[in-house]
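Enquirer: Please find one structure pasted underneath; my questions will follow.
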Amino acid sequence: MRKAAEIDDEKVKALAQKFVDDPFVELRFSNIMNLSPLHAPPVHAEDGYFAYNDSNFEGRRKILEEKAAVVLYEKNFELQVFRAHCVNIVRDSGTDPELKGYWKYGSSSPEICGMAYRVLGQRAVHAMGNEVRRVQKKNPKPPKSFEDYASQRAYRPPRRRILLSQNLTFNTLDKLMVFSDLPNETVEDVQIPDSLLYDYSYSNKVYAGREPGLAKAVRMADEPQNLLSCDCCSREPIVPCYENPDCMCYKVNQSLQQFQQSTEKTEFSTFKPILFPKATDTFYECIGFACSDACACRGRCTNNSLLLLEKRLFPFEIYRNDPLVGFSVRSYAMIPAGTPVMEFIGEVTEMCNLNEESRDYAYQITYPSDAELWKHIVNLGEWSKEYKTMLKEFSKKSYLLDPKKFGNVARTCLHSCTPNMEAVRVFQKGLSPAHVRLVLVALEDIFPGCPVSFYSATTFLMHCA
Ligand SMILES: [Zn+2]
Ligand SMILES: [Zn+2]
Ligand SMILES: [Zn+2]
């Protein structure tokens, strides 16, 4: 992928130590010193990262306000940007040894488009309050002209924009620009809400002070008896875990398919598109398990539906063109249907510990209706007695991802009743609520310039397309 620049060892060590001392438990990595630059707090930090990160919301707002500037774009600038990103993705996916020959970038096949539009059609009917009847035709034809479709859905910004941030992540490897396109707005009166000032994070966190049980479970899940990992290996860049019936991770992944009511199953593998044969209850039924850095394959295998996310292939932009809706996210590139687009990052919190002001943003990841899932999970492994008891306790509670303090681009996405991304759960390394990763998958081919959205039951401000 985008090549990591030389890493300043001392800086990395200092940052890693800071995280070891942090009361927030990082969920993804057992050995903090082995953090790769893309996962770490932005070690390829831009100038100003430390000043920004050490400031409170007020300080951060000031920093952004001082740098806000009007930019004027040429007429066809957008198209050039889209084209350049498309070229980059093709180049990156063709040169990365973990993608080359395994994953191909291009628009989806007619079969995949057909399946996606069938589901979207059902979803639209469902959103109108009507009962979904199964569409008989298996693969209805996609719309005749994708260009027409894209031009209807894409956001075309004005040529005069206010650039609020060159890069909200402060990570040179993951650029995220923020624009405000409100009519009549000037640099002097630009409004920057708290919802833009969170700590940009690449993994979920558990605050041990608030969730001591969960923090303990994260540590216990790393003990040999409780760790869910495999010892598959291969000389190839990608290990075929998904094709190995003896791979522990694959076995767990497959066993979770039993919760799907449909005869066609949603599969969670690394390079095949994640497709949803039916429109309803996908969040509750479609659950995956992925290999991780704890496995011999290090997650570089065919049983890791989270691997593409790590590559950060798809660039986004945050923009605001309507003061009532607030900020939205749009894609700069074409994203094929079935592709994991982004992860929704936040702090894992039990419902009763959630701050009042976080209710609008938090995404619920476990439900009381998950009872069968938890029964299955508790009996999956030869866990230690204490760990098993903990898993049983978690099953009775509801957990959420709260992005108020720690978050990523996903927290800014629009809510929609007919969204173009579907939220699904993928467990990794363990099976506690702290090991759930919320993945947003493209429900259709998403075109350059199109806003990305997902259905979020907890969002109060509805923005229905
Ligand atoms: Zn394996
Ligand atoms: Zn594994
Ligand atoms: Zn694997």
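Enquirer: Return the residues of region 401-421 that are in contact with a helix residue (DSSP H, G or I) (Cβ under 6 Å, 6 or more places away or on another chain) and buried (at least 23 other Cβ atoms within 10 Å of the Cβ); say none if nothing qualifies.
Expert: ASP402, PRO403
Enquirer: Let me ask something else about it. Just give me the residues in region 285-301 being more than 7 Å from ligand 3 (Cβ to nearest atom) and more than 17 Å from the chain's Cα centre (by Cα), in sequence order.
Expert: Passing the criteria: GLU285, ASP293, ALA294, ALA296, ARG298, ARG300.
Enquirer: Has region 355-373 got any residue that is within 16 Å of ligand 3 (Cβ to nearest atom), of a type outside the set (A, V, I, L, M, F, W, C) and closer than 24 Å to ASN253 by Cα? Walk me through how you get there before you give the answer.
Expert: Taking region 355-373 first, the residues within 16 Å of ligand 3 (Cβ to nearest atom) are none.
Scanning region 355-373 turns up no residue that is within 16 Å of ligand 3 (Cβ to nearest atom), of a type outside the set (A, V, I, L, M, F, W, C) and closer than 24 Å to ASN253 by Cα.
Enquirer: Evaluate the following for PHE289: is it in contact with a Leu (Cβ under 9 Å, 6 or more places away or on another chain), aromatic (Phe, Trp, Tyr) and within 16 Å of ligand 1 (Cβ to nearest atom)?
Expert: Yes: the conditions hold for PHE289.
Enquirer: If the Cβ limit is 8 Å and pairs must be 6+ apart or interchain, which residue in region 102-114 that is touching a residue at least 60 places away in the same chain (Cβ under 8 Å) and under 13 Å from LYS272 (Cα atoms) pairs with which residue that is among the aliphatic types (A, V, I, L, M) and in a loop (DSSP other than H, G, I, E, B)?
Expert: What qualifies is TYR102/ILE238; TYR105/LEU313; SER108/ALA337; ILE112/LEU275; ILE112/ALA337.
Enquirer: Let me confirm something: among LEU197, LEU163, which residue is under 26 Å from VAL439 (Cβ atoms), hydrophobic (A, V, I, L, M, F, W, C) and at pLDDT 90 or above?
Expert: Details: LEU163 fails: under 26 Å from VAL439 (Cβ atoms).
Answer to the selection: LEU197.
Enquirer: Also: Can you spot a residue in region 299-307 that is buried (at least 20 other Cβ atoms within 10 Å of the Cβ) and away from ligand 2 (no atom under 16 Å from the Cβ)?
Expert: The answer is no, given that none of the residues of region 299-307 is buried (at least 20 other Cβ atoms within 10 Å of the Cβ) and away from ligand 2 (no atom under 16 Å from the Cβ).
Enquirer: While we're looking at this one, here's another question. Cβ-Cβ below 6 Å, separation at least six or inter-chain, first residue in region 404-419 and part of a loop (DSSP other than H, G, I, E, B), second of a type in the set (A, V, I, L, M): which pairs?
Expert: Hits for this filter: ASN408/ILE345; CYS413/VAL329; CYS413/VAL452; SER416/ALA465; CYS417/ALA127; THR418/ALA124; THR418/ALA127; THR418/ALA465.
Enquirer: Suppose we filter region 215-268 for residues that are within 15 Å of ligand 3 (Cβ to nearest atom) and either assigned to a helix (DSSP H, G or I) or among the aromatic types (Phe, Trp, Tyr) (or both); how many remain?
Expert: Residues meeting the conditions: 11.
Enquirer: Continuing with the same structure: Tell me whether region 190-206 contains one or more residues that are of a type in the set (Gly, Ala, Ser), within 16 Å of ligand 3 (Cβ to nearest atom) and assigned to a loop (DSSP other than H, G, I, E, B).
Expert: Looking for residues that are of a type in the set (Gly, Ala, Ser), within 16 Å of ligand 3 (Cβ to nearest atom) and assigned to a loop (DSSP other than H, G, I, E, B), one finds none in region 190-206, hence no.
The values are calculated or read from the model by the stated rules, or taken from the named source; none is laboratory data. Computed from a predicted model, the values in this text were never measured in an experiment. Here Cβ is always computed from backbone atoms with ideal geometry, including for glycine, and neighbour counts include all displayed protein chains.
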